[in-house]
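Rule-based calculations on the coordinates, nothing more; no lab input. The structure presented is a predicted model; accordingly, all values stated were derived computationally and were not measured. No Cβ is skipped: glycine too gets one built from the backbone with ideal geometry, and neighbour counts run over all protein chains shown.
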């Protein structure tokens, strides 16, 4: 089934990778949200656990691996077209993890990435739900 104009929601996975003063953001390389900054993540595959999907997507999009992951939030991302039809619908499961080591590299569906300073997140025009999930994740990894 196509992810565009689906007949049911898809399960998406997001990962909040944190340093004490920054969060890892990626610039989307394709729809939905092409060109926008967001948290790394993607779609869960059949037979894959949510955490395994988070680790795979993080590795594919940023070349990073992390230690312990914590369930942070769930978000509903529903995008309508100009006629009001549902173009994309994702139920996103977000995980939080502390960065351990390694330099991130843009890959897969990502055109750029950055360690965004936590005190400058407004510069990245993030979705309001991303701000909420980041705030929750800070407490889970011990930075909040």
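I want to check the label-to-label distance for residue 100 and residue 131. Put each point 7 Å from Cα in the C-beta direction and report it in nm to one decimal.
3.3
What number, rounded to the nearest 500 deg cm²/dmol, is the helix-based mean residue ellipticity at 222 nm of the chain, given -39500 (n - 2.57) per DSSP H run of at least four residues and division by all its residues?
Details: 2 runs with 26 residues, N = 144.
Mean residue ellipticity at 222 nm (helix-derived): -5500 deg cm²/dmol.
Please report, for the Cα atoms of segment 1-118, the Rg to one decimal and the Dmax as a whole number; what are they, in angstrom?
14.2, 46
Round to the nearest 10 and give me the degree value, 0 to 90, for the angle of helix 128-140's Cα axis relative to the longest principal axis of the chain.
With rounding to tens, the tilt is 40 degrees.
Using alpha carbons only, how many degrees (0 to 90, rounded to 10) separate the axis of helix 50-62 from the longest principal axis of the chain?
Taking Cα atoms only, the helix is inclined about 80 degrees.
Report relative contact order for the chain in percent, whole number only (criteria: Cα-Cα under 8 Å, sequence separation at least 6).
On the way: 291 pairs, mean separation 48.3, N = 144.
Relative contact order, the chain: 34 percent.
Of the beta bridges DSSP finds with both residues in the chain, what % are antiparallel, to the nearest 5?
75
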